[in-house]
Amino acid sequence: MFVAIFVVMAAWFSFQAVYSSGSIGTGGTFTATSCEESFGRTPGGSHRNGSSHEPQVTCEGAFRPDGGAATATSVRMTLHPGDAPVSDGDEYIRRLMDSGGKGTELHTARLNPDSAIGSVLGEFNTSNPEKTEQSVLAVLFSLFFLAAGIFCLRADWPRGGGGSVPLKVAWSQSVGAGTRGTVITVAAVAVVGIVLTRIFI
């Protein structure tokens with residue numbers, strides 16, 4: 001049961017990591033012509049609802065897909081702090097409010113609003129490094145605990161009632177070579193990934 005939970009968690013946070021990196025959808029550049037403070041969700045805007053107490057802006061502008069498309073599409077995008085391409089999303093939103101947003105460029109991916117993912121998550125998928133890092137770390141921690149869960153399941157360790165053998169004995173005698181290799185590999189990937197994530201993201 002616990003192994004299945006960590007598999008589901010790793011899969012979910014993997015999706016979140018890819019999504020928050022702005023890698024899902026048609027990549028392109030949104031260029032704002034104007035931005036103003038807004039409240040509530042704007043149709044065709046962000047997937048994040050936010051509250052009236054959270055700073056957010058609605059920007060009019062044009063979306064031009066990557067790859068040298070000749071024409072741009074007029075669109076409206078609602079941005080919340082979590083949509084900002086910086087760690088301090090609140091400050092980013094405040095700057096847009098103060099400047100009016102004209103000429104602001106934002107790399108984003110556009111989703112088909114009629115698709116299942118687009119209807120649930122919203123039309124635009126912007127890249128946010130902080131949320132990407134959080135999701136990647138969640139994946140890696142899930143993998144680490146998945147490795148621990150596989151070991152505990154196969155070694156029946158620890159046992160209730162104080163009947164557990166020492167950890168070293170359980171590892172060497174109660175777990176087959178194939179399982180030990182799987183546990184070491186998954187745990188090593190998790191630990192190395194956590195270190196690299198903290199360095200590069």
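Can you name the number of the only condition in (1) at positive phi; (2) touching a residue at least 40 places away in the same chain (Cβ under 8 Å) that Asp156 fails?
For Asp156, the exception is condition (2).
Could you name every one of the strands (runs of 3 or more DSSP E) located completely within the range 66-146 that has at least 2 residues being open to solvent by 30 Å² or more (accessible area, probe 1.4 Å)?
73-79, 105-110
Being modelled with pLDDT of 90 or more and not β-branched (Val, Ile, Thr) narrows it down to one of Gly118, Gly82, Gly103, Gly122, so name that one.
Gly103
Do we have any residue at all in the range 136-147 that's at pLDDT 90 or above and within 30 Å of Cys59 (Cα to Cα)?
Yes, some residue in the range 136-147 is at pLDDT 90 or above and within 30 Å of Cys59 (Cα to Cα).
Inspect all residues belonging to the range 153-165 and state whether any of them is open to solvent by less than 70 Å² (accessible area, probe 1.4 Å), assigned to a helix (DSSP H, G or I) and touching a His at 6+ places or on another chain (Cβ under 8 Å).
There is no residue in the range 153-165 that is open to solvent by less than 70 Å² (accessible area, probe 1.4 Å), assigned to a helix (DSSP H, G or I) and touching a His at 6+ places or on another chain (Cβ under 8 Å).
With the condition kept exactly as written, say whether any residue in the range 86-99 is in contact with an Asp or Glu (Cβ under 7 Å, 6 or more places away or on another chain), modelled with pLDDT of 90 or more and more than 18 Å from Ser20 (Cα to Cα).
The answer is yes, given that some residue of the range 86-99 is in contact with an Asp or Glu (Cβ under 7 Å, 6 or more places away or on another chain), modelled with pLDDT of 90 or more and more than 18 Å from Ser20 (Cα to Cα).
Which pairs turn up if I take residues in the range 1-19 that are in a helix (DSSP H, G or I) and among the basic types (Lys, Arg) and look for partners that are open to solvent by 70 Å² or more (accessible area, probe 1.4 Å) and modelled with pLDDT under 95 with beta carbon separation below 8 Å, at least 6 apart in sequence or on another chain?
none
Please determine, by comparing only the residues of the range 4-28 that are of a type in the set (Val, Ile, Thr) and open to solvent by 40 Å² or more (accessible area, probe 1.4 Å), which one is farthest from Ser127 (Cα to Cα).
Ranking the qualifying residues of the range 4-28, first place goes to Ile5.
Can you pull out every residue in the range 185-194 that is of a type in the set (Val, Ile, Thr) and under 13 Å from Glu133 (Cβ atoms)?
Ile194
The values are calculated or read from the model by the stated rules, or taken from the named source; none is laboratory data. Note that the structure is a prediction, hence the values are computed from the model and not measured. Reconstructed Cβ throughout: ideal geometry from the backbone, glycine too, with neighbour counts over all protein chains shown. Side chains are part of the model used for accessible areas, which takes the heavy atoms of the whole protein and leaves out ligands, DNA and RNA. Shrake-Rupley method; radii C 1.70, N 1.55, O 1.52, S 1.80 Å.
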